[in-house]
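Below you'll find the structure, written out as structure tokens, and then a few comments.
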Amino acid sequence: MDEILNYDKKAINMLAKQIAALVKTHEHKYDRTFSSAIKSVNPDSTYTIMDDGGVERKLKCSLPNAALKTGQYVWVKIPSGRLEDMHICGKK
């Protein structure tokens, strides 16, 4: 009986290690939201902000009729990890 329990424990331990290794290597795609400030308002109805890595980004705003101004704090969303879809999603 102890042999069977010992074998089961080894099998469970091996399975847990395999799952942990897969989770560490799997890239998770989820929305990420962070705050930033409007650095400039562009003539093409976009806004320049600094992303949370210190890189300037030119973004569209998803808020209808938003009149954002330089220096105003906003919420910026990166949907499912896609930088090309990054946009301003709210005012702070």
Under the 7 Å Cα-to-Cβ spin-label approximation, L68 and A21 lie apart by a distance in nanometres of 4.4 nm
When the chain is treated as a Gaussian network with springs between alpha carbons less than 10 Å apart, the largest mean-square fluctuation among A21, A67, A11 is found at A11
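Eigenvalues of the Cα gyration tensor times 5, then square-rooted: what semi-axes does that give for the chain, in whole angstrom, largest first? Walk me through the numbers on the way to the answer.
On the way: eigenvalues 474, 23, 20 Å².
The three semi-axes for the chain are 49, 11, 10 Å.
What order do M50, M86 take when sorted by accessible area (1.4 Å probe), most exposed first? Before the final figure, lay out the partial values.
Working: M50 70, M86 15 Å².
The residues order as M50, M86, largest area first.
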With Cα springs under 10 Å, the Gaussian network model of the chain assigns the largest mean-square fluctuation among N13, N42, N65 to N13
Given a 1.4 Å probe, the accessible area of the chain per residue, as a whole number of Å², is 77 Å²
Taking protein heavy atoms only, a 1.4 Å probe, and rounding to whole percent, the accessible area of the range 30-92 owed to carbon and sulfur comes out at 50 percent
Of all lysine pairs in the chain that are eight or more residues apart or on different chains, those with Cα atoms under 25 Å apart total 28
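The values are calculated or read from the model by the stated rules, or taken from the named source; none is laboratory data. Since we're looking at a predicted model, the values are computed, not measured. Backbone-built Cβ (ideal geometry, glycine too); neighbour counts: all protein chains shown. Only protein heavy atoms, including side chains, enter the accessible area calculation; ligands, DNA and RNA are left aside. Shrake-Rupley method; radii C 1.70, N 1.55, O 1.52, S 1.80 Å.
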